[in-house]
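> Before anything else, here's the structure in question.
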Amino acid sequence: MTIKSLGNPFDGKTDLRHTKGCGCADCKSGASTTAREDMSSDAMMERVIESAIVRSTFGHRDISRRSFASMLGASTLAAAFASVLPIDKVKAAILDEIGTPEKTDLRVGFVPITCATPIIMAEPMGFYERYGLNVEVVKTSSWAIARDMSLSGEYDASHMLTPMPLAITLGAGSTATPFLMPAVENINGQAIVLRNDHKDKNDDPSLWKGMTFGVPFEYSMHNFLLRYYVAEHGLDPDRDIQIRVVPPPEMVANLSAGNLDGYLSPDPFNQRAVWENAGFIHKLTKDIWEGHPCCAFACSAEFAQTMPNTYGNLLRAIVDATQYASASENRVEISEAIAPTNYLNQPVEVIQQVLTGRYADGLGSVQDVPDRIDFDPFPWHSMGVWILTQMKRWGYIEGDVDYRTVAEQVYLASDCAAVMRDLGLTPPEETYKSHVIMGKTFDPAEPEAYVDSFAIKRS
């Protein structure tokens, strides 16, 4: 494990945003590695805290930090911070609160899609190392496997779809096991793709009757958003169309082979369909629900309870990486970091079109939508309630549902908020808000009435 991210934050010559294989002077000389070998675990943790304090001031503008530090000098900058902040006392308090990670070698699963960007990039870009963890991110072909590997303990934590921890906790599709979701990975970032021979049906989804669509998992925003979308256009998703579960990496091949007429899928496979001239983008899901959640970081309640220090540091790394990914100026760099075979295994150009929002739509136009995908870690309880209403609407859960209790048990907004504040970010003061989906307002205070309001439903 390399700890290049543990450079002195007060030193203008030290870059805190190292990647594996970084070509900066310190890394080429091996200076950072030598420093790492000479550091005790306590010293490493103190350096982590110093970096967090400094980064909370400069945010992710590391160039600004380096320029300022170079102008003042490392000792002067350190003294300046010490003059206005009792750093030693802060470090002692934080160390007392965080504690030493119970386990540093971790396995975290991910499905190779752009929604997992923070979880993936945190390995090559040093975010896990920044918090004293040696994390192996494990490419996983489907969410069923990610779920099962998480339930068996093969994965310490995993990239999951936002409905999955709710479903696992309730025992929908698996043995009921308490799971936690302390952070959302991405918002927006999905699309409905149609095969090229359906361009005549692009303007009128009511013409989709009899067509077959792919979604990546039953307990996914993709499934629930597709169902919502076609139902709003008068189609019953269980009777008028067919919906099949198809792993994301197999979406384009099934579209090209004629097995699917379309799909609502995570990227980069929407853009990959355009890249391969297999399909076109009918609609971005942000145009169905602006700011909707999609994927998340999740783990078992047992993991968080038995290894609270490890859980806390892992969550810090994820939220930190998520915030870094939210800055548009970082998206090109991130695209290069997550493109290799062991991560997304996609052309950099395809990933850049997704992350930057400047993309070919397959209909002859180039679109510019900077928030096609965005990254926001806060797990709104109201989003969890909406997901539960759709699970109830379509018969995935039955009987009485205590929507708020389940959402608050699984979506750990308080944990995320605490970490955000530690990183110098400002979390929302509330955990519930109304959401607008296809022009209709969802009030999380009236979930049962919301379910009853739909003409097309199973429950």
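> Please tell me if residue 354 is over 22 Å from residue 423 (Cβ atoms), crowded, with 22+ Cβ neighbours inside 10 Å and touching a Gly at 6+ places or on another chain (Cβ under 8 Å).
Values: over 22 Å from residue 423 (Cβ atoms): yes; crowded, with 22+ Cβ neighbours inside 10 Å: yes; touching a Gly at 6+ places or on another chain (Cβ under 8 Å): yes.
Against the criterion (over 22 Å from residue 423 (Cβ atoms), crowded, with 22+ Cβ neighbours inside 10 Å and touching a Gly at 6+ places or on another chain (Cβ under 8 Å)), residue 354 qualifies.
> Restricting the search to the stretch 322-340, which residues are out of contact with any His (no Cβ under 7 Å at 6 or more places or on another chain) and outside any helix (DSSP H, G or I)?
Result: 339, 340.
> Against the conditions (1) in the same structural domain as residue 181 (by TED's automatic domain parsing); (2) touching a strand residue (DSSP E or B) at 6+ places or on another chain (Cβ under 8 Å), where does residue 418 fall short? Just the number, please.
(2)
> Residues of the stretch 181-224 being farther than 17 Å from residue 258 by Cβ and more than 30 Å from the chain's Cα centre (by Cα), which ones? Explain how you work it out, then say what you get.
Of all residues in the stretch 181-224, those farther than 17 Å from residue 258 by Cβ come to 181-192, 202-207, 209, 215-224.
Scanning the stretch 181-224 gives 203, 204, 206, 207, 209.
> Restrict the check to the stretch 411-418 and report whether at least one residue is among the polar types (S, T, N, Q), surrounded by 14 or more Cβ atoms within 10 Å (Cβ to Cβ) and out of contact with any Cys (no Cβ under 9 Å at 6 or more places or on another chain). Walk me through it before giving the result.
Of the residues in the stretch 411-418, the ones among the polar types (S, T, N, Q) are 414.
Add one more test, that the residue is surrounded by 14 or more Cβ atoms within 10 Å (Cβ to Cβ), and what stays is none.
Among the residues of the stretch 411-418, not one is among the polar types (S, T, N, Q), surrounded by 14 or more Cβ atoms within 10 Å (Cβ to Cβ) and out of contact with any Cys (no Cβ under 9 Å at 6 or more places or on another chain), which makes the answer no.
> Let me ask another. Could you list, in sequence order, the residues of the stretch 272-312 that are touching a Pro at 6+ places or on another chain (Cβ under 6 Å) and more than 21 Å from residue 376 (Cβ to Cβ)?
Answer for the stretch 272-312, where residues must be touching a Pro at 6+ places or on another chain (Cβ under 6 Å) and more than 21 Å from residue 376 (Cβ to Cβ): 301, 309, 310.
> Within the stretch 227-275, which residues are among the acidic types (Asp, Glu) and either at pLDDT below 95 or part of a helix (DSSP H, G or I) (or both)?
Narrowing the stretch 227-275 to residues among the acidic types (Asp, Glu): 232, 236, 238, 240, 250, 261, 267.
Matches in the stretch 227-275: 232, 250.
> For residue 185, indicate whether it is more than 23 Å from residue 412 (Cβ to Cβ), acidic (Asp, Glu) and surrounded by 24 or more Cβ atoms within 10 Å (Cβ to Cβ).
On the way: more than 23 Å from residue 412 (Cβ to Cβ): no; acidic (Asp, Glu): yes; surrounded by 24 or more Cβ atoms within 10 Å (Cβ to Cβ): yes.
No, not satisfied.
> From the set of residues in the stretch 299-325 that are in contact with a strand residue (DSSP E or B) (Cβ under 6 Å, 6 or more places away or on another chain) and of a type outside the set (Val, Ile, Thr), which is farthest from residue 147 (Cα to Cα)?
Of everything passing the filter in the stretch 299-325, 315 is farthest from residue 147 (Cα to Cα).
> Right, here's the next one. How many residues does the stretch 351-388 contain that are under 17 Å from residue 287 (Cβ atoms), charged (D, E, K, R) and touching a residue at least 60 places away in the same chain (Cβ under 8 Å)?
Count: 4.
> What helices (runs of 4 or more DSSP H), lying completely within the stretch 368-459, carry at least 1 residues that are touching a Lys or Arg at 6+ places or on another chain (Cβ under 7 Å)? Quick ask: steps written out before the conclusion?
Working: elements: 381-393, 403-410, 413-422, 447-452.
Result: 381-393, 413-422, 447-452.
> Which ones in the stretch 310-336 are surrounded by 22 or more Cβ atoms within 10 Å (Cβ to Cβ) and more than 21 Å from residue 294 (Cα to Cα)?
310, 311, 313
> Please go through the stretch 150-166 and pick out each residue that is in contact with a strand residue (DSSP E or B) (Cβ under 9 Å, 6 or more places away or on another chain) and either at pLDDT below 95 or buried (at least 17 other Cβ atoms within 10 Å of the Cβ) (or both).
Step one: filter the stretch 150-166 for residues in contact with a strand residue (DSSP E or B) (Cβ under 9 Å, 6 or more places away or on another chain), giving 150-151, 153-162, 164-166.
Residues satisfying the conditions are 150, 155, 156, 157, 158, 159, 160, 161, 162, 164, 165, 166.
> Between residues in the stretch 426-450 that are among the basic types (Lys, Arg) and residues that are assigned to a loop (DSSP other than H, G, I, E, B), which pairs lie under 6 Å by C-beta distance while being six or more apart or on different chains?
Going by the 6 Å Cβ cut-off, there are no qualifying pairs.
> Criterion first (of a type in the set (Ser, Thr, Tyr), touching a helix residue (DSSP H, G or I) at 6+ places or on another chain (Cβ under 9 Å) and closer than 17 Å to residue 114 by Cβ) does residue 229 satisfy it? If you could, list the steps in order and put the result at the bottom.
Numbers: of a type in the set (Ser, Thr, Tyr): yes; touching a helix residue (DSSP H, G or I) at 6+ places or on another chain (Cβ under 9 Å): yes; closer than 17 Å to residue 114 by Cβ: no.
In short, no.
> Here is a further query. Given the condition closer than 17 Å to residue 451 by Cα and either surrounded by fewer than 21 Cβ atoms within 10 Å (Cβ to Cβ) or in contact with a His (Cβ under 9 Å, 6 or more places away or on another chain) (or both), answer yes or no: does some residue in the stretch 206-223 qualify? Before the answer, list the steps.
Taking the stretch 206-223 as the starting set, the residues that turn out to be closer than 17 Å to residue 451 by Cα are 221, 223.
Add one more test, that the residue is either surrounded by fewer than 21 Cβ atoms within 10 Å (Cβ to Cβ) or in contact with a His (Cβ under 9 Å, 6 or more places away or on another chain) (or both), and what stays is 221.
Within the stretch 206-223 (the criterion being closer than 17 Å to residue 451 by Cα and either surrounded by fewer than 21 Cβ atoms within 10 Å (Cβ to Cβ) or in contact with a His (Cβ under 9 Å, 6 or more places away or on another chain) (or both)), the answer is yes, since at least one residue qualifies.
> Go through the stretch 142-159 and give me each residue that's out of contact with any Leu (no Cβ under 8 Å at 6 or more places or on another chain) and closer than 16 Å to residue 106 by Cβ. Let's see the steps before the verdict.
Of all residues in the stretch 142-159, those out of contact with any Leu (no Cβ under 8 Å at 6 or more places or on another chain) come to 142, 144-155, 158-159.
Within the stretch 142-159, 146, 149, 150, 152, 153, 154, 155, 158, 159 meet the criteria.
> Which condition number does residue 255 fail, the rest of (1) more than 19 Å from the chain's Cα centre (by Cα); (2) surrounded by fewer than 24 Cβ atoms within 10 Å (Cβ to Cβ) being met?
With respect to (1) more than 19 Å from the chain's Cα centre (by Cα); (2) surrounded by fewer than 24 Cβ atoms within 10 Å (Cβ to Cβ), residue 255 is out only on (2).
> What's the number of the only condition in (1) within 25 Å of residue 344 (Cβ to Cβ); (2) not in a loop (DSSP other than H, G, I, E, B) that residue 219 fails to meet?
Only one criterion in (1) within 25 Å of residue 344 (Cβ to Cβ); (2) not in a loop (DSSP other than H, G, I, E, B) is unmet by residue 219, namely (2).
> I would also like to ask the following. What number of residues in the stretch 330-380 are among the hydroxyl-bearing types (Ser, Thr, Tyr) and within 19 Å of the chain's Cα centre (by Cα)? Can you show your working first?
Here is the first cut: in the stretch 330-380, the residues among the hydroxyl-bearing types (Ser, Thr, Tyr) are 335, 341, 343, 356, 359, 365.
Among the residues that remain, those that are also within 19 Å of the chain's Cα centre (by Cα) are: 335, 343, 356.
Residues meeting the conditions: 3.
> Another question about this same structure. All but one of (1) surrounded by fewer than 22 Cβ atoms within 10 Å (Cβ to Cβ); (2) touching a His at 6+ places or on another chain (Cβ under 8 Å) hold for residue 301; which doesn't?
(2)
The values are calculated or read from the model by the stated rules, or taken from the named source; none is laboratory data. Predicted, not measured: the structure shown is a model, and the values here were computed from it. All Cβ positions, even for glycine, are placed from backbone atoms using ideal geometry, and neighbour counts span all protein chains on display.
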